[in-house]
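This report refers to the structure that appears directly beneath it.
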Amino acid sequence: MKNSSVNRMPLILAVAVFIAGVLTIDGNSYAATVSEGEPLPGFKMELASEPDMLKYLGIEPGPEFTVPQIQCRLVLIELFSALCKACHQNAPQVNKLYQIISTDPELFANVKMLGIAVGNDEKMADGFQKTFNVKFPIVSDSGKEIDGVFSDVNTPCLILADNKGMVLFVHEGIIDDPDAILEKIREFYSK
């Protein structure tokens, strides 16, 4: 009796490894974590035809764009969901960051903010922007491609990246101290 259970152990282990492999392949094989000092995962965003958005980001009209196409030294990306309560709580803090950046001519010219409504269609993204009076551009993720790329990232999440797409700083969760985030932005801007 002992020998039969011992003989089954390699088989059970092999099945467990196989199942784990299948779940990884079918699950989030394209999911990325966002780590400081690593490249931002590659993804494309749908380009709204709003002239103000195009001008602010310094990008040409077209169907899609990527982070490195944004004309600036630093990009502060907010990943959020219109259905996320923490994202609702975080909106005033992110708006405060934008307000401070927009009143500093040097930062405003070189640091751009972009909201990405992960997993949200255009109607939800627009509703969030209007409800929380967000002044910086927000793009939707109707096809959920970006949501798939960042499925391992909790919202809200701020990602500071340079113009080559290198992640410099990541903050997950509600911002307790916008001034500390601004200090990080200034630190990387001055390098």
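Please grab the % of Cα pairs in the stretch 32-189 that end up more than 25 Å from each other. Above the 25 Å cut-off, the stretch 32-189 has 20 percent of its Cα pairs. A cut-off under 15 angstrom between Cβ atoms defines the neighbours of SER190, and their net charge, with Lys, Arg +1 and Asp, Glu -1, is -1.
Readers should treat all values here as calculations from the given coordinates under stated rules, not as data from a laboratory. Note that the coordinates shown come from a computational prediction; the quantities given were computed from them, not determined experimentally. Counting neighbours? That spans all protein chains shown, and the Cβs are built from the backbone with ideal geometry, glycine included.
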